[in-house]
Structure formats: C-alpha cells, structure tokens
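J.: Please find one structure pasted underneath; my questions will follow.
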Amino acid sequence: MKEKVQAVLDKIRPSLQADGGDVELVEVTDQNIVKVRLTGACKGCPMSQMTLKNGIERLILKELPEIKGVEPVS
C-alpha cells in the first residue's frame with residue numbers, strides 16, 4: 001500500500017515543488033490513514049491545510065478508495 005500511496009504523491013509533487021515545497025510520506029497506518037509531512041515552503045504556509053485536503057487528500061482518495069484519510073505530522 002505504501003508504494004501505491006507514494007506513486008500518487010509523486011504525481012502531485014511537481015506542483016508542490018514548483019512553489020518551493022514538497023510532501024514526504026511518513027506512514028500508512030493499519031487503519032489506512034496516510035500520514036504526510038509538508039516540507040519546504042509548504043511547511044507553515046497558511047494555505048497548507050487547503051493543499052493537504054483539497055489537493056493531496058482528494059487525489060489519494062480518488063485513486064486509492066481504500067484509504068480513509070490523510071493527516072499531517074510535524
């Protein structure tokens with residue numbers, strides 16, 4: 001499962017990097033919750049919660065319906 005999630009993150013990564021940020025996969029829990037860390041310009045950005053929910057989570061849930069959600073870690 002971790003490889004599938006990483007593949008989806010790799011699709012969105014260029015958009016984040018274009019703005020000076022990035023996303024790092026921390027873990028996929030037994031409950032199918034994806035934990036990610038936003039880095040670079042994304043870390044601490046006022047829009048980071050929107051990026052996480054409307055960008056990263058939406059794409060992961062669309063491509064991997066078995067995932068229950070995406071949560072940030074620091």
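The values are calculated or read from the model by the stated rules, or taken from the named source; none is laboratory data. From a predicted model like this one, the values you see are computed outputs, not experimental measurements. With ideal geometry, Cβ positions are generated from the backbone for all residues, glycine too; neighbour counts draw on all protein chains shown. For accessibility, only protein heavy atoms count, side chains too; no ligands or nucleic acids. Shrake-Rupley method; radii C 1.70, N 1.55, O 1.52, S 1.80 Å.
J.: Considering only the range 7-23, state which residues are surrounded by 13 or more Cβ atoms within 10 Å (Cβ to Cβ), outside any loop (DSSP other than H, G, I, E, B) and not small (G, A, S).
T.: V8, L9, I12, R13, L16, Q17, D22, V23
J.: Checking the condition open to solvent by 70 Å² or more (accessible area, probe 1.4 Å), assigned to a loop (DSSP other than H, G, I, E, B) and farther than 14 Å from M1 by Cβ, which residue from P46, P65 passes?
T.: Details: P65 fails: farther than 14 Å from M1 by Cβ.
Of P46, P65, the one residue that is open to solvent by 70 Å² or more (accessible area, probe 1.4 Å), assigned to a loop (DSSP other than H, G, I, E, B) and farther than 14 Å from M1 by Cβ is P46.
J.: Can you run down the residue pairs with Cβ atoms below 6 Å, 6 or more apart or on separate chains, where the first is in the range 53-74 and touching a residue at least 60 places away in the same chain (Cβ under 8 Å) and the partner is open to solvent by 70 Å² or more (accessible area, probe 1.4 Å)?
T.: L64/K4
J.: Now, a different point. For residues that are small (G, A, S) and within 13 Å of I56 (Cβ to Cβ), tally how many sit in the range 11-38. Write out each step before concluding.
T.: Going residue by residue through the range 11-38, those that are small (G, A, S) are 15, 18, 20-21.
Keeping just the survivors that are within 13 Å of I56 (Cβ to Cβ) gives 15, 21.
Counting residues in the range 11-38 that are small (G, A, S) and within 13 Å of I56 (Cβ to Cβ) gives 2.
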